[in-house]
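What follows is one structure encoded as structure tokens, with my remarks underneath.
The values are calculated or read from the model by the stated rules, or taken from the named source; none is laboratory data. If you're wondering where the values come from, they're calculated on a predicted model, not measured in any experiment. Here the Cβ positions follow ideal geometry from the backbone for every residue, glycine too, while neighbour counts run over all protein chains shown.
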Amino acid sequence: MADTPLKVIFAGTPDFAAQHLQALIESEHQLIAVYTQPDRPAGRGKKLAPSPVKQLALSAGVPLFQPASLKSDEAQTELAALDADVMIVVAYGLILPLAVLSAPRLGCLNVHGSILPRWRGAAPIQRAIEAGDKVSGVTIMQMDEGLDTGDMLLVAETPIEATTSSADLYQSLAQLGPKALLATLDQLSAGTAIAHPQDNNLASYAHKIDKAEAEINWSAAAIDIDRKIRAFNPAPICFTWLNGERFKIHAATPIDLDPKADTKPPGTILVNDRQQLLVACGSGALALTKLQVPGKKAMSLAEFSNGYAQLCPIGSRLGDKPDAAANNSNASDSPPPQNATSHKNGAQSA
């Protein structure tokens, strides 16, 4: 419980941020303003759509600001005039210049989705799973002009299990973050908050996800491919090629193979029945459990087996790109072989 409620500005945009905003609305602290990005085109009609944070702010009757940038003197003067004690930034997406970072009495705090200094940057959730980390969490950080380099006020942890996807971890952090944030605000109000500097020697950078990274390299170890599949779910979703078409893999399970067994080239379909769709990897094999063929929704193995099992005959291979498929089909007049186939800061943004 806060000794003295703080006057708070909140800045955020997506649903993850909205869940933190909801906690602030329900807290004892005084929410004096909400900042979110301008409405963006969305959907098939590309109509302007409000962010989840905007929708929540409007429903709660909180003053709302949507500047395209915080770099102008006008925007900075407007924010400073609010005379806030602290500004909370959660997945806002705009750079915060020094003038903004220093405007509130207690500065700006960021809710970052990793245990800093590990995974500074844009895609901490995905990179933690991809790297095989056993634990993740949120860090409540005092923002400075660096890239997620500010002092840490509070860290809350959560395990990463062998089946955890980015969607799963996102939900865990969305529940963990608001509690950690409110605890930090109460400490600031009571004057008991302690800032701990980060060890820069332990820092790693979570690069923004490039869609091209989602293509599966079957020569990698099955355990590494499984991590990437989980890391890139729900977006951008890992893919391979099936008969020259993009074939998405939503979920899979790594399987150890007998090293004495006859090995097949990576990408080869080893088993295809109602119990298992097994693909050879550089090390081990991957049992595909949720798939998506072109033009269809994601489906379970049972659903795939009922209507599409013929696409992956045993001995065929996943991974042939469209140009390779075309070359195969043009090689002769004979039938083609069954070769189946995550912050950029000048100052600080979050």
*Could you list all residues from segment 66-92 that are within 23 Å of residue 182 (Cβ to Cβ) and surrounded by 15 or more Cβ atoms within 10 Å (Cβ to Cβ)?*
79, 82, 84, 85, 86, 87, 88, 89, 90, 91, 92
_If residue 188 satisfies all but one of (1) in contact with a Ser or Thr (Cβ under 8 Å, 6 or more places away or on another chain); (2) farther than 23 Å from residue 135 by Cα, what's the number of the condition it fails?_
(1)
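Which one of 99, 128, 75 is touching a Lys or Arg at 6+ places or on another chain (Cβ under 8 Å) and not in a loop (DSSP other than H, G, I, E, B)?
128
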*Does residue 237 meet the test of being surrounded by fewer than 22 Cβ atoms within 10 Å (Cβ to Cβ), within 20 Å of the chain's Cα centre (by Cα) and modelled with pLDDT of 95 or more?*
yes
*asked:* Residue pairs, Cβ under 9 Å, 6 or more apart or interchain, first in segment 183-210 and more than 30 Å from residue 229 (Cβ to Cβ), second of a type in the set (Val, Ile, Thr) and modelled with pLDDT under 95. List them.
replied: 189/4; 190/4
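Using the structure shown, decide if residue 223 is in a helix (DSSP H, G or I) and either acidic (Asp, Glu) or under 27 Å from the mean Cα position of the chain (by Cα) (or both).
It is true that residue 223 is in a helix (DSSP H, G or I) and either acidic (Asp, Glu) or under 27 Å from the mean Cα position of the chain (by Cα) (or both).
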*Those residues that are over 24 Å from the mean Cα position of the chain (by Cα) and either closer than 17 Å to residue 82 by Cα or modelled with pLDDT of 90 or more (or both), I need them from segment 22-46; list them, please.*
25, 26, 27, 28, 29, 30, 31, 32, 33
*In the list 140, 129, which residue meets the criterion of being within 14 Å of residue 231 (Cα to Cα), β-branched (Val, Ile, Thr), surrounded by 22 or more Cβ atoms within 10 Å (Cβ to Cβ) and out of contact with any Asp or Glu (no Cβ under 7 Å at 6 or more places or on another chain)?*
129
*Go through 321, 296 for me and flag whichever is over 30 Å from residue 139 (Cα atoms), at pLDDT 90 or above, surrounded by fewer than 19 Cβ atoms within 10 Å (Cβ to Cβ) and basic (Lys, Arg).*
296
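Yes/no per residue for (1) buried (at least 19 other Cβ atoms within 10 Å of the Cβ); (2) among the aliphatic types (A, V, I, L, M); (3) assigned to a strand (DSSP E or B):
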site	(1), (2), (3)
10	yes, no, yes
17	yes, yes, no
20	yes, no, no
27	yes, no, no
32	no, yes, yes
41	no, no, yes
44	no, no, no
58	no, yes, no
*Looking at segment 112-132, is at least one residue touching a Phe, Trp or Tyr at 6+ places or on another chain (Cβ under 7 Å) and of a type in the set (D, E, K, R)?*
yes
_Residues that are closer than 20 Å to residue 104 by Cβ, of a type in the set (A, V, I, L, M, F, W, C) and in the same structural domain as residue 25 (by TED's automatic domain parsing): does segment 168-177 have at least one?_
no
*Of (1) of a type in the set (A, V, I, L, M, F, W, C); (2) farther than 21 Å from residue 5 by Cβ; (3) assigned to a strand (DSSP E or B), residue 167 satisfies all except one. Which?*
(3)
*Of all residues in segment 139-164, count the ones that are outside any loop (DSSP other than H, G, I, E, B) and of a type outside the set (S, T, N, Q).*
9
